[in-house]
Amino acid sequence: MKHEMDLKLQAYLDGELSPGESAEVAALMEKDATARALYTELQQTSVGLKGNEVEWRLPESREFFWSKIEREIQKLEATPASPAAPWWLAFVRRHLAAASGFGVATALLVVAAFQMNMVSFLPSHDLFEEIENPIGDSTSFSFRSESQKMTVVWISDSTPSDDESDSADDSIQ
Amino acid sequence: MASKKDYPSMDDVALFKAAQRGDMQAFEELVARHRDKIYARAFSMMRNEEDAIDLSQEAWVKSWQRLKQFQGESSFLTWMTRIVINLCLDKLRKHKRERAESIEGLEEESGGVERQMPIVTPNPTEKLERAELRARIDKALNQLSYEHRTVLILHEFEELEYKEIAKRMQCSIGTVMSRLFYARRKMAVLMMSYRKEEMR
C-alpha cells in the first residue's frame, strides 16, 4: 500500500494521474509531511536531470563516419532483391515445416534407441540378428544375436570324408 | 543545367525530401548535422564507445532504408532518435539474455535497498556549475542498472510518457513506474554522496 502511494506521488509529479487521483494525492500531501518530503526529492531529481545530460561527441571525423554509412548503403543497394518463391514452395514451407521437424525428431529417437540398445519396442529382434558367411564358398557360418549378446560360429569341413568319397566312388562305380 | 544545391543552408525538411528522392548528398548533410546527437543517445544508453558508434551508424543506414516510411509526424531528429533508441534497446536485451541473472536484477524485483533509503532533504543539485552538475549526473547514471538508466533517459531526457516507455522497453506500465521511482531515488542518494565527498 505504501509503495503504491509512492508511485502515485510520482505519477502526480509526472502528470500521469486522472483529475480525481490528483486531488487524492494533493490532499495526502497536505496532511502527510513524509509524502511531501518524498515528492520534493523526486521533483528536485527530475528538475536537476532535465537538460543536464552530457553532450557526447562522435569520436570520428565527418568523412570517415560518412564513408562507412555510404559503403553500407551501397552494399545494400547492390544486393538484388530475392525473387518471389513459387507458390508450391511457400506451401511446403508453411505446411510441411512442422512435419519435417517431427520427422527429424523421430529419426533422432530411432538412432538413440540403436545407440542405447533400447530395441524392445521394435517388432522383432530378428532385425538385429544376422547370419554371415564371409566367403561364399567357405563352409564356416556365424550367427550373431544382439539381443542375446551371442555369436555362434559353425565350422564344417568342406572336403568330403573318406566314407563319403567311398560311397561316391561306389555310386560312380 | 541544374544548379548546384547549397546543402548546408537547407533546413531538415528540405534535406529530408531531397533524400527521399534518392539524393545522397542531402542525406549526408543530415548525417553531418545530427550525428553527434544520435551518437550521444547511443552512448548514454550503452555506456560503451564501440557499441555507440556501431549502433548510431546502423541507425543511419536503417533510416536511409526507411526514408519513404517517414511521414513527417515528428521532427527528423526525433524520428532518428527513436530509431537509435530501439536499436540500443534490442542490443541491451540481447546482452541481458546472454549474461546470467545479476544481483541487480534480483534487487529490482524486491525493490532493492532503495526502499529503505532515507529521503534526501537538501537539494543535491543546488548551486552546482552546469558542467559539474552534468559530470555528476553522468557519473551517477553510470552506476545505475541498465533498466533504471534507460527508464530515466527515456523519461527525463526524451520526455516519453509511461505508456510509450513501457511499449519500447516491452514491460508493463507498473514496471516502468517502479523502475523510474527507484532510479530517481538512487540518483538522489548518489548525487548527495558526491556532495558529501566534496565537502570532506
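The values are calculated or read from the model by the stated rules, or taken from the named source; none is laboratory data. Everything numeric here is computed off the predicted structure, so don't read it as measured data. A quick note on method: Cβ atoms are made from the backbone with ideal geometry, for glycine too, and the neighbour counts reach across all protein chains shown.
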| task | Considering only the range B:169-193, state which residues are surrounded by fewer than 17 Cβ atoms within 10 Å (Cβ to Cβ) and more than 10 Å from every other protein chain (Cβ to nearest Cβ). | result | B:Q170, B:C171, B:S172, B:S193
| remark: Counting only helices (runs of 4 or more DSSP H) wholly inside the range B:122-179, the ones holding at least 1 residues that are in contact (Cβ under 8 Å) with a residue 24 or more places away in the chain and among the small types (G, A, S) are B:130-142
| request: Starting from residues that are within 26 Å of A:K2 (Cβ to Cβ), surrounded by 14 or more Cβ atoms within 10 Å (Cβ to Cβ) and polar (S, T, N, Q), keep the ones in the range B:110-149 and report whichever is modelled with the lowest pLDDT. | output: B:N123
| Which residue pairs have Cβ atoms under 7 Å apart, sit 6 or more places apart or on different chains, and have a first residue in the range A:30-55 that is in contact (Cβ under 8 Å) with a residue 12 or more places away in the chain and more than 7 Å from chain B (Cβ to nearest Cβ) and a second that is in a helix (DSSP H, G or I) and of a type outside the set (V, I, T)? | A:A35/A:L9; A:A35/A:L28; A:A35/A:M29; A:Y39/A:L9; A:Y39/A:L13; A:Y39/A:M29; A:Q43/A:L13
| Within the range B:11-40, which residues are surrounded by 17 or more Cβ atoms within 10 Å (Cβ to Cβ) and either touching a Ser or Thr at 6+ places or on another chain (Cβ under 6 Å) or over 30 Å from B:L141 (Cβ atoms) (or both)? | B:L15, B:F16, B:A18, B:A19, B:A26, B:F27, B:E28, B:E29, B:I38, B:Y39
